[in-house]
Structure formats: C-alpha cells, structure tokens
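**Student:** Take a look at this one; I'll ask things after.
The values are calculated or read from the model by the stated rules, or taken from the named source; none is laboratory data. Nothing here was measured: the structure is a model prediction, and the numbers come from that model. Here the Cβ positions follow ideal geometry from the backbone for every residue, glycine too, while neighbour counts run over all protein chains shown. For accessibility, only protein heavy atoms count, side chains too; no ligands or nucleic acids. Shrake-Rupley method; radii C 1.70, N 1.55, O 1.52, S 1.80 Å.
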Amino acid sequence: LEPKEYPLPLYCQDLEAKGFPEEVLLVKQMLAESDGFLIASPEYNGSFSPMLKNLIDWSSRPTSKDEHMAAAFKGKVAGIMAASPGGLGG
C-alpha cells in the first residue's frame, strides 16, 4: 500500500460523523484483508510522516457500532522500518 496513491482527507471527527470517505473505506478493507504489515517511513522532524499518521488515524476508527477500534489491525504481525539522513531519526 503506497499512501500517496490513496489520498485521504486529514482526519477530523466532524468529517467522520458525516460518513467515511470512499478512499478511507478502501484502505481499511485492504488493511483488514492483509496478513500483516511492513511499515516503512522516512523520518519527519523526529517522527514518522504525517501521511502515515493520518492513514493510521482513519484506519483505526470503527465504521459501525459493531466494529471495534483498530479492528483492521487486530491480530496482525507488523514490522516497522525508518530512514533518516540525520543521526537522530530512523
């Protein structure tokens, strides 16, 4: 999954209350159907990218009353990688 190929609006609870955008539902479905995750992110100001944070924020939200928080991530194996040109990140 390349986040830039699935442009998501910035997470906002007011927007969520109006209904989940189609792109969010597609990304959540892809995550839910995967066996695990290898997350790779460049270092941005000492942290991971805002695009990745936004994807995690949207994907962790339940889309129905029957769905638990972060259901797309439940039971998955994950690995995390980072890269940085500086000595503090990565």
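**Student:** Give me the net charge for the shell around E67: Cβ to Cβ below 12 angstrom, other residues only, Lys and Arg +1, Asp and Glu -1.
**Tutor:** +3
**Student:** Quick check for you: with a 1.4 Å probe and neighbouring chains kept, what is the accessible area per residue of the chain, in Å²?
**Tutor:** On a per-residue basis, 72 Å².
**Student:** So, one more: Residue by residue through the range 47-53, which ³J(HN,Hα) values in whole Hz follow from phi under the Karplus form 6.51 cos²θ - 1.76 cosθ + 1.60 (θ = phi - 60°), with glycine and proline marked x?
**Tutor:** So the J values, rounded to whole Hz, are 8, 7, 5, x, 5, 5, 4.
**Student:** Another question about this same structure. Please report, for the Cα atoms of the chain, the Rg to one decimal and the Dmax as a whole number; what are they, in angstrom?
**Tutor:** Values for the chain (Cα only, Rg and Dmax): 14.0, 45 Å.
**Student:** Could you pull out every residue, at least 5 positions away or on a different chain, whose amide H is within less than 5 Å of the one on F37? Hs are placed 1.01 Å off N in the peptide plane, and Pro or chain starts have none.
**Tutor:** So F37 has HN proximity to V77, A78, G79.
**Student:** Write out the GluC sites (Glu not before Pro) in the chain meeting two conditions: DSSP loop, and at most 13 other Cβ atoms within 10 Å of their Cβ.
**Tutor:** Sparse-neighbourhood loop GluC sites (Glu not before Pro): E67.
**Student:** Considering the chain as a Gaussian network with a 10 Å cut-off on Cα pairs, which listed residue, L55, L31, L15, attains the greatest mean-square fluctuation?
**Tutor:** Comparing L55, L31, L15 in a Gaussian network model of the chain, the most mobile one is L15.
**Student:** I've got another one for you. Of all the accessible heavy-atom surface of the range 3-42, with the other protein chains kept in place and a 1.4 Å probe, what percent is carbon and sulfur?
**Tutor:** Answer for the range 3-42: carbon and sulfur cover 56 percent of the accessible area.
**Student:** So, one more: Pairs of alpha-carbon atoms within less than 8 angstrom and 6+ residues apart define the contacts here; what relative contact order does the chain have, in percent?
**Tutor:** Once normalised by length, the contact order is 34 percent.
**Student:** Could you pull out the pairs from K4/K28; K18/K76; K18/K53; K28/K76; K28/K65; K28/K74 whose alpha carbons sit more than 18 Å apart here?
**Tutor:** As for pairs spanning more than 18 Å Cα to Cα, those are K18/K76; K18/K53.
**Student:** Under the rule of -39500 (n - 2.57) per DSSP H run of 4 or more residues, summed and divided by the residues of the chain, what mean residue ellipticity at 222 nm is obtained, to the nearest 500 deg cm²/dmol?
**Tutor:** That calculation yields -9000 deg cm²/dmol at 222 nm.
**Student:** For the modelled label position 7 Å from the Cα of A40 along Cα-to-Cβ, which residues of the range 47-90 have backbone nitrogen atoms closer than 14 Å?
**Tutor:** 79-84
**Student:** Treat every Asp and Glu Cβ in the range 1-49 as -1 and every Lys and Arg Cβ as +1, leave all other atoms uncharged, and give the resulting dipole magnitude about the Cα centre to the nearest 20 debye.
**Tutor:** Roughly 100 debye for the range 1-49.
**Student:** Moving to a separate point now. With loop defined by DSSP as not H, G, I, E or B, and exposure as at most 15 other Cβ atoms within 10 Å, which is the longest segment of the chain clear of exposed trypsin sites (Lys or Arg not before Pro)?
**Tutor:** 19-64
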